[in-house]
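Nothing in this text is a laboratory measurement; each read-out follows from the coordinates by a stated rule. Note that the coordinates shown come from a computational prediction; the quantities given were computed from them, not determined experimentally. With ideal geometry, Cβ positions are generated from the backbone for all residues, glycine too; neighbour counts draw on all protein chains shown.
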Amino acid sequence: MEIKVIAGDIASIEADAIIVNHFEGMEKLEEETAAVDRLLDGALSQLVKQGEIKGKPNEITLVHSLGKLPPARVVVVGLGKQSELSINKVRGAVAETCRWLRSKEISTIATVPQGANSNNISTGDAAQAIAEGALLGTYTFRKHITKEEDRPGEIKQVSIVGADRLKSQLEAGADKGQITAEATNLARDMANEPANYMTPTDMAETAAKFAQDYGLEITVLDLEQMKELGMGGLLGVARGSRQPPKFIALNYKGGTAKEPDIALVGKAITFDSGGISIKPSEKLEEMKGDMAGGAAVMAAITAIAQLKPKINVMALIPATENLPDGNALKPGDVLTAMNGKTMEIISTDAEGRLILADALSYAKKHGARKMVDAATLTGACRVALGDICTGAFGNNQELMDSVLAAGKEAGEFIWQMPMYDEYGEQNKSDVADIKNVGGRLAGAITAAKFLAEFVDDTPWVHLDIAGTSLTDKERGYQIKGATGVPVRTMVNLVISLAQESPK
Ligand code: BES
Ligand code: MN
Ligand code: ZN
């Protein structure tokens, strides 16, 4: 899909359909809607008067223009109450409208800058939200479907039309939206891919392609190099798998420091069977998505490379399968992580924290000043927050606040969880420095407390995306399957950190 910005008048644009809008509870039409209404001899204002157009959120009304203006169709989308409008609602409304138009076999769309200047939404924000809504909301994953039936249409072009003086703001917003949405869709593609198409080796190959396409430095460690570095966690989890593990590092250098200003770390278990502590088979296929954190950081750094903030970013992706075999890790085993700490295995199904222990140690060793990790870490987090909020855990409130703000801007909901020292006591082991399961209570927090042992005092935030990485229904710009969370949060965070401390 091409996203374009056009300086001009929505009513005189060549497109299969144009999108204007209406706010709930307003008698008067918005300026551009009113201009279109005049050319339609009052058809829209009449529909408002008759109560057919109410302006309810995501309400869609189609009017055929019958030659009265160049586009054959006018769509009025409801944006809800003006005082309650948010960028996220614009994303959702555009997404739903695009999907609806796609189902009508429409291929070119032009829209007004939906929501601009309402409720503190800037022109640029509106353009960004439109690009994101259109690209995220029409995402499909049909790579493995050979049947032509039920193939959705394709929207080839979305033009954002506004006054000439707004053109540069619209373009900047549309570009940022396009870059971050396309990165999110890359992460969705990777996480939706079946585990036999997205092995650790496939992830490393994808990373190499990203490095090439976006000019990133790449290092991929193989088994021998992991042994040299003492990555006992990653090696331990990989033992039960025939697929060789990979430790992927992608570097973006936009700053002047030698070290990474921030490390983004993503769990990449390309399939989590649970290992010897095997999982029940119900919904086990969903565990192909246990690399969603790794996919998100890989995709985020491609967007960062295009947006070019003045900051150094290191993306780390420890990748392996978690499977049972005769050589597999066993409950009771003790592993030594890269930082020398020993870990007693209570459950081989608590594998994410074992590979993250090495990745966080690696980030520390490379001098990362801050760290944010994303991981489908615990079923407990999903039970607590559902598929709505990502759980956030950290050791530094300033970085936490930046992450929460970045998530808010992205519309990726994040909720901070407590990290009292007392929770850490549950991870005490009788035979090693720490054990990998802290009991039944507060499972998401004790998992975070485990990770905290490997970051020491480096400012760090852990995002548990076990609930939010997948969704089972279409909602706004979310499509059934992998969500691509938290790609846009991470991109926003890095940009805001770069602006905070220009280097
Ligand atoms: N990958 C799972 C967590 C998960 C569960 C993600 C459901 C998405 C949906 C993780 O490796 C895991 O198995 N965690 C265990 C930890 C337990 C053994 C302490 C869990 O949550 O059951
Ligand atoms: Mn597991
Ligand atoms: Zn897992």
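Computed over region 2-161, the quotient of the alpha carbon radius of gyration and 2.2 N^0.38 Å is 1.01. Averaging Cα coordinates gives a centre for region 485-501 and one for region 262-286; these two points are 27 Å apart. Looking at region 401-503, the GluC sites (Glu not before Pro) that sit in a DSSP loop and have at most 15 other Cβ atoms within 10 Å of their own Cβ are Glu474.
Using only side-chain charges placed at the Cβ, +1 for Lys and Arg and -1 for Asp and Glu, the dipole size of the chain relative to its Cα centre rounds to 320 debye. Stretching Tyr214 away from Glu14 to a fully extended chain increases their span by 68.6 nm, per 0.36 nm per residue minus the current alpha-carbon distance.
Among all helices in the chain defined by DSSP H, which have a length of 15 Å or more along the axis from Cα atoms plus a Kyte-Doolittle mean of at least -0.5? Passing helices, by number: 87-103, 123-137, 292-307, 352-365, 397-410, 487-500. Considering the options Ser496, Gly340, Gly352, tell which one lies farthest towards the positive end of the dipole of the chain, charges being +1 on Lys and Arg and -1 on Asp and Glu at the Cβ, about the Cα centre. Working it through, the farthest residue towards the positive pole turns out to be Ser496. Here region 39-55 and region 121-152 have alpha carbon centers that stand 29 Å from each other.
Tally Lys and Arg at +1 and Asp and Glu at -1 over the other residues with C-beta under 11 Å from the C-beta of Ser429: what net charge comes out? The answer is 0. Ordering Leu463, Phe210, Met371 by Cα displacement along the dipole of the chain toward the positive end leaves Phe210 in first place; charges were set at the Cβ atoms of Lys, Arg (+1) and Asp, Glu (-1). With 0.36 nm allotted per residue and the present C-alpha distance subtracted, the Ala7-Thr146 stretch has 46.0 nm of extension available. Centroid-to-centroid, using Cα positions, region 167-218 and region 352-376 are 21 Å apart.
Going from the residue with the fewest nearby Cβ atoms within 10 Å to the one with the most, Asp272, Asp430, Asp164, Asp189 rank Asp430, Asp164, Asp189, Asp272. Note on region 183-499: antiparallel DSSP beta bridges, both residues inside, total approximately 50 percent of the bridges counted.
Think of the chain as a dipole: +1 on every Lys or Arg Cβ, -1 on every Asp or Glu Cβ, centred on the Cα centre; then among Leu39, Met190, Ala257, Leu39 lies furthest on the positive end.
Partners of Lys4 within straight-line reach, counting lysines whose Cα lies under 19 Å from its Cα and excluding those fewer than 8 residues away in the same chain: Lys156, Lys167, Lys176.
Computed with the Debye formula from one identical point scatterer per Cα of the chain, without solvent, the log10 of I(q)/I(0) at q = 0.08, 0.09, 0.11, 0.13 Å⁻¹ comes to -0.51, -0.63, -0.88, -1.13. Put in order of Cβ neighbour count within 10 Å, fewest first, the listed residues Ser12, Ser281, Ser45 become Ser281, Ser12, Ser45.
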